[in-house]
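I have placed the structure first, in the form of structure tokens, so that the comments after it can refer back to it.
None of the figures in this text is laboratory data; all of them are computed from the coordinates on show. Predicted, not measured: the structure shown is a model, and the values here were computed from it. So basically every Cβ, Gly included, is an ideal-geometry build from the backbone, and we count neighbours across all protein chains shown.
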Amino acid sequence: MANHDDMSIGDLLKKSPKKSIFSTIGQLFKKKPLTLEKALKNPLKHTALDLSHQNLKELPETIGQFKNLRQLYLDNNQLTSLPDAIGDLPQLDLLTLRNNQLTSLPNTIGNLSTLTYIDLKSNQLTSLPDAIGKLTRLTNIDLDNNQLKTLPDSICSVTRVRSFNAANNQLTQLPELFGNMTQIQVLNLNHNQLIHLPESLGNLKETVVYFNISSNRLKTLPNTLHKVVFEDIYLDNNELESLGTLGQGGYRIDQLHLKGNPLLTIPEALSKRPGLSLHQ
């Protein structure tokens, strides 16, 4: 029987088709405690490595020896930086680093060409390297609760992203071509300092099920949002006086949250839209 340490989520689902997806995925986390020192005795054996909650202050260059690694968990440590060798993991698909003290990422992060999921929540990142734009297979990016003031223009090249979370940062603007990430379905930018949004957001092609721009400093919205299909939109606690063309395209909007704005009027086409739940 295969060891769960070296099984992918897909493998587990095939083995246990009748179990719920959450209980099945949970098996991935029932690993025996493993230190980096022990894992290095046979680095090519491991496809998943969980080094979370080990009080790591640094990650050695030897991490690059795990050439078959697909999943690397480094959550809840005390890491302030990553070694250049983090880019020497040619099969890495998932990298989680939440709840550390990272202030920057090495340029070699761009070498992780197979990466689809990166979690950097609750660190101290003030910027991202341009090399982030080389991670063109990414579908999930979590940057929540850092100290980012800007995003590099190169991030707009990561066009497969479906979930993008940069809530609780210090962003004042987004790259003008941010909407090139046309596959986004979940976008969370609440609690930043955004003054305006780029017109390119009108390029979003998929149904956006969660669009949260609450608690920013927006006074206007892009005139292209009427082109997008939304489910839930959160615009609470901004400085909006109008909604621009939002809702004029006839596309579905299920929930619209507008509390804490000095809105003068709600467009009639929007307020009378069938099925819309308006919160103001």
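Observations on the model:
- The alpha carbon centroids of segment 115-171 and segment 177-253 are separated by 18 Å.
- Peptides 138-144, 105-111 ordered by packing proxy, namely the average of other Cβ atoms within 10 Å per residue, highest first: 138-144, 105-111.
- Exceeding the 18 Å Cα-Cα cut-off - candidates Lys121/Lys259; Lys205/Lys227; Lys45/Lys67; Lys38/Lys67; Lys121/Lys219: Lys121/Lys259; Lys121/Lys219
- Note on mean projected area of the Cα convex hull in nm²: of the candidates (i) 29.6; (ii) 15.4; (iii) 13.7, the value calculated from this structure sits at (ii).
- With the charge dipole of the chain set up from +1 on Lys and Arg Cβ and -1 on Asp and Glu Cβ about the Cα centre, the Cα lying farthest toward the positive end among the listed residues Asn216, Leu197, Asn99 is that of Asn99.
- Whether segment 110-211 is rounded, prolate or oblate, judged on the alpha carbon gyration tensor where a/c under 1.5 counts as rounded: rounded
- Radius 13 Å from Cβ of Leu40, net charge of other residues (Lys, Arg +1; Asp, Glu -1): +2
- Within segment 39-180, antiparallel bridges make up roughly 0 percent of the DSSP beta bridges whose residues both belong there.
- Entry note, segment 89-179: relative contact order of 25 percent, from Cα contacts under 8 Å with a spacing of 6+ residues.
- For Lys57, a cut-off of 14 angstrom between C-alpha atoms picks up these aspartates and glutamates, skipping any fewer than 8 places away in its own chain: Asp75.
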